[in-house]
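The next block holds one structure in the form of structure tokens; read it before the comments.
Quick note: the coordinates plus some simple rules give every number you see, no bench work behind them. These numbers were taken from a predicted model, which means no experiment stands behind them. Note that each Cβ is placed from the backbone with ideal geometry, even for glycine, and that neighbours are counted across all protein chains shown.
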Amino acid sequence: MENLTAFQKGWFKELVNPLNLEDILLGDNLYAHEPFCRDTLKQGYSFIFVAKRDSHKVMYDHIDFLQGINEIDTHETIQGKPNEKEIWKYRFVEDVPLNGNKDALKVNWMNLKYLIKKQENRPTKTHL
């Protein structure tokens with residue numbers, strides 16, 4: 001863990017799991033770098049970290065290429081009331097290199113968009 005900040009090193013020591021449940025660590029872009037991701041996995045944790053496009057250029061170049069050849073799994077669900085729909089759009093791809101290193105950690109990438117669509121011209125009912 002020599003590449004980690006003092007805070008990140010201490011973070012693992014503070015984590016306690018008395019029930020032995022599978023933990024998933026959540027974090028922002030500050031944690032989405034390879035040394036911390038590898039150490040997270042070594043400690044037996046799964047993770048969901050934000051990976052911003054401007055700090056993960058190689059990863060997003062790879063994702064953009066896969067999107068261009070329709071190799072990203074997509075799924076959409078629509079639910080809600082007749083006059084207001086919730087639209088959930090998921091995109092997912094496995095084994096994306098986290099950076100441009102030859103032995104880069106491969107991660108799973110997911111994008112979720114949540115939209116609310118209001119129906120402007122909904123039918124009206126007339127009662128006599």
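Points to keep in mind about this one:
- Among 67-80, 31-44, the peptide with the highest mean count of other Cβ atoms within 10 Å heads the list, and the full ranking is 31-44, 67-80.
- Reachable aspartates and glutamates, given that their alpha-carbon falls under 20 Å from the alpha-carbon of K81 and they are not under 8 places away in the same chain: E120
- Structure note, pairs K42/K113; K42/K89; K57/K89; K57/K113; K52/K106; K85/K106: Cα-Cα distances above 28 angstrom occur for K42/K113; K42/K89; K85/K106.
- Distances between placed amide hydrogens fall under 5 Å for G80 paired with E86, all partners being 5 or more residues away or on another chain.
- J(HN,Hα) series, the stretch 74-91, from Karplus relation 6.51 cos²θ - 1.76 cosθ + 1.60, nearest Hz, glycine and proline x: 10, 8, 9, 10, 10, 8, x, 8, x, 9, 8, 10, 9, 10, 10, 10, 10, 10
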